[in-house]
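The values are calculated or read from the model by the stated rules, or taken from the named source; none is laboratory data. Remember, it's a predicted structure, so these values are computed and weren't measured experimentally. Using ideal geometry, Cβ is built from the backbone for each residue, glycine included, and neighbour counts are taken over all protein chains shown. Note: accessible area is taken over every heavy atom of the protein model, side chains too, but ligands, DNA and RNA are not part of it. Shrake-Rupley method; radii C 1.70, N 1.55, O 1.52, S 1.80 Å.
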Amino acid sequence: MKISTRLRYNAAASVVLVCLLFVLLLSFSQSMKKQIETYNYANELLHKTSTLNALTHEYLMKHDQRSEKQWRYQFDDIMDSIGRHENSEPMTRVLNNLDMLKNHYNKLNIEIQALKAMDPKAISEEESKRFKFSKRLLSDQMQICSQRILTHVFRVSTEASQKLDELRARSIYVLLLFGGFMVFITVVNAFTTLNRIARPLADLVKQVNVLEKTDFSKGVPQETMWDTPNKNDEVGRLWAAFGDMKIRLAKAFGKINRELKERQSAEQEVRERNAQLKELQDMLESIINSMPSMLVGIDSEGRITHWNSEAERQINLNMAQAQGQYLQDLLPALRPWLKKAKGTIKEGRPFKSEKQPLEINGKEIHADITLFPLVSGRRSGAVIRVDDVSERVALDEIIIQSEKMLSVGGLAAGVAHEINNPLAGILQNMQVVINRLSTELPKNKAVAEKCNTSMEAVNAYLEAREIMRLLSLIRDSGERASAIVDNMLSFSRMNRPQPERRSLAELTDKTLELAASDYDLKKKYDFRSIKIIRDYEDSLPEVMCEAGKIQQVMLNLLRNASQAMTNGSSKSINPEIRLGLHRNGDMVDIEVEDNGPGVPEELRSKIFEPFFTTKDVGEGTGLGLFVAYFIVVNNHHGSMRVESAPGKGAKFIVQLPIEQPRS
């Protein structure tokens with residue numbers, strides 16, 4: 001027999017047994033319900049008859065209207081309760097006794113009413129005795145009937161309780177009987193299932209586990225073969241199906257292994273290529289991000305597709321924030337170049353424009369702009385390269401200005417030479433005039449006498465007209481002009497740099513004379529109104545240096561101090577510059593200190609950088625302190641620093657070695 005047929009028979013038998021059990025349980029439940037109702041009714045009637053017995057006793061004792069009314073109400077309630085249920089032998093006896101109790105009550109009531117109707121004085125002793133005897137007799141009979149009713153009702157209640165207990169015991173017995181039968185049927189089904197289904201399936205699972213661990217790429221081992229236990233039932237056919245599946249799996253696994261090896265080889269090759277591409281991409285990305293130029297990739301519609309690190313630094317936006325946005329929104333300065341970029345994409349040729357003024361993130365710069373077309377399949381775009389050449393432009397302007405200044409310096413040197421010659425003649429002739437007016441020279445006295453006068457009279461006239469004072473002023477002015485020309489020639493002389501021992505005090509004084517004759521310092525910053533304090537240490541040794549370069553350093557420091565103290569809102573009320581020269585071991589310190597606004601802390605680290613300036617555009621190149629720092633540190637192996645506090649001025653300290661180290 002097939003397993004499925006056997007299981008269907010067992011299931012049908014189980015369903016029939018469950019239905020029979022359900023019918024029996026339904027029948028027992030109906031009987032139980034009816035018996036419980038009978039038991040409850042008997043208990044209720046017992047309670048009511050007990051109450052009637054107590055009311056009967058009370059009525060016989062009092063014979064008042066209230067007790068009579070209660071007795072009648074309880075009696076009628078008992079009669080109604082008995083009338084709603086079937087009659088049985090005990091209930092018939094109860095009804096008979098109730099009828100007798102009713103008759104005795106009526107008779108007793110008649111006697112009492114008759115006694116009440118008679119005149120108490122007209123009643124004889126014999127009639128009184130008869131009434132008392134009749135009343136006592138009827139009362140005893142009512143009590144006897146009431147007690148009988150209570151006894152019969154108690155019997156009914158006891159019988160109902162016994163029947164209920166019997167019905168419960170019978171229900172438990174039937175349930176246990178059917179439960180045991182159901183357990184027997186379940187055990188039989190389980191045994192059948194175990195022998196015909198579970199054990200073969202367990203064996204099949206073991207074989208499948210062996211099959212799971214089999215490496216089919218090496219063939220089908222003999223230990224994985226098995227015999228079909230019974231081909232007539234479902235489990236047997238399942239065994240046979242697994243056997244066929246094993247053979248097909250071996251073939252499929254062989255094919256899969258071959259394809260897997262080919263796929264793994266191809267995937268390994270793809271991974272290696274992807275790794276190479278990723279390495280190349282990272283290298284290109286690193287090269288692009290390490291470039292100092294700003295590179296922006298755009299598509300044909302002007303949306304940003306790429307954004308290197310320099311662009312992120314300039315615009316303060318990373319690649320994720322900039323990608324997909326329009327170029328003109330993030331870089332309005334490049335809006336005019338969008339049309340040119342589209343033309344570059346269309347023509348396929350790069351375009352370059354140099355030294356274009358741009359404003360990027362609020363900063364004005366000069367930039368070389370190069371446009372490169374990009375064409376990749378169906379997509380096209382362009383790369384915009386922006387090179388900040390502001391420093392180069394500034395350097396070009398400085399070079400031009402330096403060439404101009406060299407020309408001016410050469411012209412000034414030539415003019416100084418031309419001025420120096422007639423100036424020397426003026427001074428020499430002025431000295432001759434003064435000598436010829438002297439009263440101490442005999443020659444002067446002899447010539448004066450020939451002219452009928454005396455040198456005393458001539459000198460008296462000259463003194464009276466202050467001519468000698470004017471001649472002295474002319475000589476002093478000529479000598480001062482000669483000194484200025486000498487300083488200019490010394491400062492502008494293009495000799496080969498050669499260190500020599502020089503007195504720093506002398507160089508400082510000559511630099512002050514140059515500063516006093518500087519046109520910008522006189523006209524723009526009123527250098528003559530600045531108080532100069534000389535703080536020179538005595539017996540300073542001479543220092544090995546290039547005099548012209550050291551003068552250039554001090555002149556730059558004096559010019560910066562003058563500008564700081566006389567510029568705009570930071571103008572000092574009593575500007576003064578202290579020049580200090582002090583020995584410091586093997587070094588000599590040159591101190592240039594002013595009482596201006598000072599240098600903010602955030603600017604001190606940048607003050608010696610090239611092209612750094614706090615002046616307005618066109619007023620400074622940002623190279624003065626840089627050149628001074630270069631001269632001191634690189635050319636003279638010294639050091640240069642600044643000390644400052646806001647509102648308390650600035651002090652630049654230049655340290656020069658007394659002896660230059662041998663190279």
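In table form, for the structure just shown:
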read-out: Apportionment of accessible area to carbon and sulfur, the range 285-390, percent (1.4 Å); value: 48 percent
read-out: Length gained when the stretch Ser265-Ser454 is fully extended (0.36 nm per residue, less Cα-Cα span); value: 55.2 nm
read-out: Heavy atoms of Arg559: accessible area, 1.4 Å probe, square angstrom to 10; value: 60 Å²
read-out: Too-long pairs where the Cα-Cα distance tops 27 Å, listed order kept, from Lys278/Lys340; Lys206/Lys261; Lys340/Lys363; Lys48/Lys102; value: Lys278/Lys340; Lys206/Lys261
read-out: Sparse-neighbourhood loop sites, GluC sites (Glu not before Pro) in the range 301-355 - DSSP loop, at most 13 other Cβ within 10 angstrom; value: Glu301
read-out: Chain lengthening between Asp165 and Glu354 when straightened (0.36 nm per residue, less Cα-Cα); value: 56.2 nm
read-out: Built amide H within the under 5 Å cut-off of Asn361, gap 5+; value: none
read-out: Chain lengthening between Gln147 and Arg641 when straightened (0.36 nm per residue, less Cα-Cα); value: 164.4 nm
read-out: Computed label-point distance, nm, for sites Ala275 and Ala446 using a 7 Å Cα→Cβ extension; value: 11.5 nm
